[in-house]
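Written out below as structure tokens is the structure these notes cover.
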There are 2 protein chains.
Amino acid sequence: MQPEEGRRRVMIEGVTPEIDAGRFPIKRIAGDRVVVEADVFTDGHDALSCLLLYRHESAAGWTEVPMEPLVNDRWCGELTVTELGRFRYTVLAWVDHFKSWQRDLAKRVEARQDVSVELLIGAAMVEAAAARATGDDAGWVKAFAETLRIGGDEGAHQALAPQLAALMYRHAARPDATQYDKELGVVVDRPRARFGAWYELFPRSCAPEPGLHGTFRDVEKRLDYVASMGFDVLYLPPIHPIGRSFRKGRNNSTAPAPDDPGSPWAIGAAEGGYKAVHPQLGTLEDFRRLVACAAEHGLELALDIAFQCAPDHPYVSEHPEWFRRRPDGTTQYAENPPKKYQDIYPFDFETEHWQELWDELKSVVEFWIEQGVRIFRVDNPHTKPFAFWEWLITEIKRACPEAIFLAEAFTRPKVMYRLAKLGFTQSYNYFPWRNSSRELTEYLSELTQTEVAEFFGVNLWPNTPDILAEYLQYGGRPAFMTRFILAATLGPSYGIYGPAYELCENRPLAPGKEEYLDSEKYEIKHWDITRHDSLRRLIGQVNLIRRDNPALQANHNLRFHRVDNEQIIAYSKSSPDGSNQVLVLVNLDPHYKQSGFITLPLEDMGLDPHQPYQAHDLLTDARYLWHGARNYVELNPHTVPAHIFVLRRRVQTEHDFDYYM
Amino acid sequence: MQPEEGRRRVMIEGVTPEIDAGRFPIKRIAGDRVVVEADVFTDGHDALSCLLLYRHESAAGWTEVPMEPLVNDRWCGELTVTELGRFRYTVLAWVDHFKSWQRDLAKRVEARQDVSVELLIGAAMVEAAAARATGDDAGWVKAFAETLRIGGDEGAHQALAPQLAALMYRHAARPDATQYDKELGVVVDRPRARFGAWYELFPRSCAPEPGLHGTFRDVEKRLDYVASMGFDVLYLPPIHPIGRSFRKGRNNSTAPAPDDPGSPWAIGAAEGGYKAVHPQLGTLEDFRRLVACAAEHGLELALDIAFQCAPDHPYVSEHPEWFRRRPDGTTQYAENPPKKYQDIYPFDFETEHWQELWDELKSVVEFWIEQGVRIFRVDNPHTKPFAFWEWLITEIKRACPEAIFLAEAFTRPKVMYRLAKLGFTQSYNYFPWRNSSRELTEYLSELTQTEVAEFFGVNLWPNTPDILAEYLQYGGRPAFMTRFILAATLGPSYGIYGPAYELCENRPLAPGKEEYLDSEKYEIKHWDITRHDSLRRLIGQVNLIRRDNPALQANHNLRFHRVDNEQIIAYSKSSPDGSNQVLVLVNLDPHYKQSGFITLPLEDMGLDPHQPYQAHDLLTDARYLWHGARNYVELNPHTVPAHIFVLRRRVQTEHDFDYYM
């Protein structure tokens, strides 16, 4: 034991938030608060003082914030993270002898005891503080010390002055203070890391007429359309040259036609690899122009990072040491035995040359950051080592803290959570398969109301090019409306793969499959985005509602409410200051009208249970006057399957008019 | 990053049991199992192998036990702690390429694919293992390698042999294995650390007739009585010389009569301190004789450790630096302002001479260990520093792992738990104030069914010399029976302060106080232990039941059951092998007869819900034939307020008799 440890009497434990004993940081957005709690206690009956310490990683010293006791030895303090990057926080506490002394003196004085000796004890403490104090404080502390030393009734009176308590706290000696044995981290991201509506499209399908290969210039012309729907992020599948050997044809056929374009995720050909652009899309210059043009439309471009190679990728010949060899001299292709994916070569992350491989892959991300990209959707991160991602994301964000990484990790829960902990900003998740009220309530509560919310950024996608969920296959247009409204209002971030989504494309490859028939992954499509049955107006309306209502821009504020019909789901979100209350009701049955009574916890929501309040439906502009906790709702999937209400705290009564005064 | 870390692909997290991120050990009794679980996973689809590693701290190397996968990436293994002292355990896991290869090969063979190249890949792995294997295994592995290298149908057949899997597991290369980043501790104690019935008595009250000061020789004569009630531990309040200055008189009076004996907790006088024996009790030689004599009666002696001094304690003059001085030159006495305890000087653990103080206090414990004592009841440990206790208990148990420390920490929950975590074997707790069915169920569930059970040893006391709970004051003899049966059957360890308890002494100092009137702490009592209304026969009977029924000797096995009358509490315990099922029902109402229906989870208890079973009341020897989960019970507090049933799985039917064959 170190000599100083024996007198360190304060214990600090149970600090929250703390992920895996401090192994991983929590996540916040610049401007967010971090409320820190800790169990802090000492032996005996001495009073404690307790500070929250924090600093941006670039700052030299700690900023100190007093923590206040709650009940049961729990203390609480909070900090606000102001800059991007990493913050650290910890807790410091000490036995505060002056605080104990003042507390006890008050009891002695009240019991009319002789306190002359106690005042001398106090005077010594105040004199010691006088030696530490500077400026005006020094004079004040010295004056108090003299009064205490004189003693008497005046000495006792001054000894209990709150001003003295404040002075002594400011100049506390903190002898044998205990600092919590961990420094905990906060990764601070920009607002887009939490709030954003994503739109995925295949650039090659944006040509003005059927049969042509779309280009970046064509995507520029599509920007008006995407922006008119109110999206924030435009995500493109891989834009690199596509491999030719073992190329997949339409509907994933292994016998492609000569003009089949291949899957964009089969990356690399003679024209280049990860740092090259598919020649039919345009040039790197065209791409940079698209980035700028999108920004003018309020859209940020997101690129796909898919770290696997087509057999033609230049790496395969230039760096055979990054791939596994088979005894017959061939390169090991991807497999899920007995299935073989001979169009894909996975990297061998167990290679002895892993450090060179990591460096090269990092340079790929850096290359696209240089082209103006800050958002990356990472394909199948769960098939590459965790240590690699932790290193890559940490290194990239050190230089570029605005970078955002979305994990396309459709895998087992602990693997998904680990990827989030180690650095992925957001993640896909099981939303596509959560359909019933109970499933949605359980899953979204886990994502938003437990420790998971501290590290797992939710991005809700009702469809992707790989996932045409069964609910969409069978529920018709109402199902697409319902799942869209759920995604856009349950999560601050969500996305759709379009135009398949707004055009309600619902034909699966085969019954029981979630693959699209004639999937855009393997062929160029020509979508009629002007169709009158498109959902584009609803989408634009909801995205506008999202931008107007801060309640819909946060994650941890989701609360589900009781409805006596389980076909209707109800949940509310409120803005941090409580001024914006949004209540969403969705009919989960795409076939029939459903109705029921919803019960709201009015007081928790800041509503006076004895006053009527207004439920203003932002989708239809209808306004309902509701009374009390229990109210009737009715939703028809064939008109609008949902209400997105703003609740207004009170409605006008005669008291509000001049004549009543 | 270290060069080897980049290829370490397996993640290990969520290990249980693990207290405060491994800061503290769990507790077990020699012979106990430790079931260890962990979340273990890697990227991609490779198979894993996972080991539980453990060792006694005296052992040089790890013992390895395979862990098996449960669901959702959770793995499980178990070890048995065989020796006293400390064990350590951790988890090791690696990507098992051979296991993946064998799993995949089976799928390829089933799909009738050509596996010739795969067999060459496997052959290379087996050849590498052959180089590592020794003895018979070496030959076997080499033979397998040759068969695989030959290939064909026979090669494929042999490649899938379970024997090959076992050989490859035994000689696994474990490349880039991940070892969990913590080594977790287990403190292993002897059985008495968990199971024991304690009896507290004041030796000075054991004289054969009133007016005399009892002696150790008198206590020897009382041993038959204590042993006849089936107790295991005889705990004595401090046996040291008692201070004279500021001595407290009867009923805590500050004006003692000349012959008042003082409180045994005011330790130290001219005759000596912590290492001396009160002259009126006898000599150190007498004490050692008592220890031996108690042992012959099956009783182990427990001593009190109360680290505070009477003003006459020799330390006060010999080591003034261990006490706090007041500005008037006096020594600081204990206080709880405005109350003053001038008969007690607390040690100043913040002294610069704390190391000498710690060493001296340790030598006190060592001194009594030399006299044959192994069990210590520690008075108010929460008023001395946590670091001191952690050091003291660790040091003492390093030399004497049989030592048991009971914390008399009636304080806030987190402080009590911290003391348990840092080393106290057992602790007093809130049992004296948990009276209703709901209070008992909630509290005992917390103590036995949560992580708390891993470190907090429960010792249940219905009374102590400081605590005459209100329930006992007003409930009469039935209340004493009820609380005794609860303590003795809810906890494997419990204690009573006698003869006050068995004689149902229930007069408080004043209404609303829990102090005894004419407390034995301040005067010598003469108890009539032969009184006909004594509970000694019931106590003896219950302690015998405890010894006969292993179910009552464990802690984690407590389960509460539903009764439709909340005045009746029901709980069961089963032995580790399930062969001993004890069901206890207690009427918590000391005034009226209560009845109701109990509902048992028969299948969880190993009982066939379709067969009748026998409930044998060990208190009355009555036997009930019960059918199904729901049965009627009725308990009269004025006869016996409880059932202690042994449940027997089936009763005889005609099928059991010869004539039915």
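The values are calculated or read from the model by the stated rules, or taken from the named source; none is laboratory data. Fair warning: this is a prediction, and the values are worked out from it, not measured in the lab. Because the Cβ atoms are built from the backbone with ideal geometry, glycine has one as well, and the counts that use them run over all protein chains shown. Remember, those area values only see protein heavy atoms, side chains included, never the ligands or the DNA or RNA. Shrake-Rupley method; radii C 1.70, N 1.55, O 1.52, S 1.80 Å.
Things worth noting here:
- Failed item in (1) modelled with pLDDT under 95; (2) under 25 Å from the mean Cα position of the chain (by Cα); (3) open to solvent by 30 Å² or more (accessible area, probe 1.4 Å), with A:Gln614 passing the rest: (2)
- In the range B:339-357, the qualifying residues are those that are in contact with a Gly (Cβ under 7 Å, 6 or more places away or on another chain) and within 12 Å of chain A (Cβ to nearest Cβ), and the one that is surrounded by the most Cβ atoms within 10 Å (Cβ to Cβ) is B:Trp354.
- The range B:592-611 residues that are surrounded by 18 or more Cβ atoms within 10 Å (Cβ to Cβ), paired with ones that are among the acidic types (Asp, Glu) (beta carbon under 7 Å, 6 or more apart): B:Gly596/B:Asp564
- Enumeration of residues in the range B:542-572 that are open to solvent by 10 Å² or more (accessible area, probe 1.4 Å) and part of a helix (DSSP H, G or I): B:Leu544, B:Ile545, B:Arg547, B:Asp548, B:Pro550, B:Gln553
- The residues in the range B:132-152 that are open to solvent by 90 Å² or more (accessible area, probe 1.4 Å) and in a helix (DSSP H, G or I) can be counted, and the count is 7.
- Odd one out for A:Ala177, checked against (1) at pLDDT 95 or above; (2) more than 30 Å from A:His97 (Cβ to Cβ): (2)
- The range B:404-418 - residue that is out of contact with any Asp or Glu (no Cβ under 9 Å at 6 or more places or on another chain) and open to solvent by less than 10 Å² (accessible area, probe 1.4 Å) and, of those, nearest to B:Glu83 (Cα to Cα): B:Phe405
- Of all residues in the range A:422-445, those being among the polar types (S, T, N, Q) and assigned to a helix (DSSP H, G or I) number 3.
- Among residues that are under 23 Å from B:Trp265 (Cβ atoms), facing another protein chain (nearest Cβ under 9 Å) and at pLDDT 95 or above, B:Pro432 is not included.
- Of the residues examined, B:Ala257 is not one that is open to solvent by 20 Å² or more (accessible area, probe 1.4 Å), modelled with pLDDT of 95 or more, among the small types (Gly, Ala, Ser) and in contact with a Pro (Cβ under 8 Å, 6 or more places away or on another chain).
- Pairing each residue of the range B:350-362 that is under 23 Å from A:Arg174 (Cα atoms) with any residue that is small (Gly, Ala, Ser) and assigned to a helix (DSSP H, G or I), provided the two are 6+ apart or on different chains, yields C-beta distances under 6 Å for B:Trp354/A:Gly6.
- Residue in the range A:331-338 that is more than 9 Å from chain B (Cβ to nearest Cβ), assigned to a strand (DSSP E or B), open to solvent by less than 50 Å² (accessible area, probe 1.4 Å) and among the hydrophobic types (A, V, I, L, M, F, W, C) present: yes
- For the condition within 14 Å of chain A (Cβ to nearest Cβ) and not in a helix (DSSP H, G or I), B:Gln102 does not qualify.
- You will find that of B:Glu505, B:Glu523, B:Glu514, the residue that is over 24 Å from B:Asp589 (Cα atoms) and assigned to a loop (DSSP other than H, G, I, E, B) is B:Glu523 and no other.
- Among the criteria (1) more than 23 Å from the chain's Cα centre (by Cα); (2) without any contact (Cβ under 8 Å) to a residue 60 or more places away in the chain; (3) open to solvent by less than 10 Å² (accessible area, probe 1.4 Å), the one B:Pro641 does not fulfil is (2).
- Single residue of the range A:105-131 satisfying the filter (β-branched (Val, Ile, Thr) and in a helix (DSSP H, G or I)) that is least open to solvent (accessible area, probe 1.4 Å): A:Val126
- Test: residue in the range A:437-449 that is open to solvent by 20 Å² or more (accessible area, probe 1.4 Å) and closer than 23 Å to A:Pro264 by Cα: no
- You will find that of B:Leu234, B:Leu223, the residue that is in contact with a helix residue (DSSP H, G or I) (Cβ under 9 Å, 6 or more places away or on another chain) and either in a loop (DSSP other than H, G, I, E, B) or surrounded by fewer than 22 Cβ atoms within 10 Å (Cβ to Cβ) (or both) is B:Leu223 and no other.
- Residue match in the range B:449-461 (condition: over 18 Å from the mean Cα position of the chain (by Cα) and assigned by TED's automatic domain parsing to the domain that holds B:Val226): no
- Of all residues assigned to the range B:356-364, at least one qualifies as being of a type outside the set (Ser, Thr, Tyr), more than 30 Å from B:Asn459 (Cα to Cα) and outside any loop (DSSP other than H, G, I, E, B).
- Some residue of the range A:472-490 being on the phi < 0 side of the Ramachandran plot, within 14 Å of the chain's Cα centre (by Cα) and either in contact (Cβ under 8 Å) with a residue 24 or more places away in the chain or open to solvent by less than 20 Å² (accessible area, probe 1.4 Å) (or both): yes
- Selection count, the range B:260-302, where residues are open to solvent by less than 10 Å² (accessible area, probe 1.4 Å) and of a type in the set (Val, Ile, Thr): 1
- Subset of the range B:529-541 [open to solvent by 50 Å² or more (accessible area, probe 1.4 Å) and in a helix (DSSP H, G or I)]: B:Arg536, B:Arg537, B:Gln541
- For the range A:173-191, the tally of residues that are open to solvent by less than 10 Å² (accessible area, probe 1.4 Å) and within 14 Å of chain B (Cβ to nearest Cβ) stands at 1.
- A search for C-beta distances below 8 Å between a residue of the range B:69-98 that is within 14 Å of another protein chain (Cβ to nearest Cβ) and surrounded by fewer than 21 Cβ atoms within 10 Å (Cβ to Cβ) and any residue that is outside any strand (DSSP E or B) and of a type in the set (Asp, Glu), counting only pairs 6+ apart in sequence or on different chains, returns B:His97/B:Asp46.
- Residues in the range B:360-379 that are more than 18 Å from B:Trp198 (Cβ to Cβ) and within 13 Å of chain A (Cβ to nearest Cβ) were compared, and the one that is surrounded by the most Cβ atoms within 10 Å (Cβ to Cβ) is B:Leu361.
- Among the residues of the range A:75-84, those identified as farther than 25 Å from B:Glu350 by Cβ and touching a strand residue (DSSP E or B) at 6+ places or on another chain (Cβ under 6 Å) are A:Cys76, A:Gly77, A:Glu78, A:Leu79, A:Thr80, A:Val81, A:Glu83, A:Leu84.
- Conditions (1) open to solvent by 30 Å² or more (accessible area, probe 1.4 Å); (2) more than 20 Å from the chain's Cα centre (by Cα): number failed by B:Glu390: (2)
- Positions within the range B:1-54 being assigned to a helix (DSSP H, G or I) and free of Cβ contacts under 8 Å to residues at least 60 places away in the same chain, in sequence order: B:Glu5, B:Gly6
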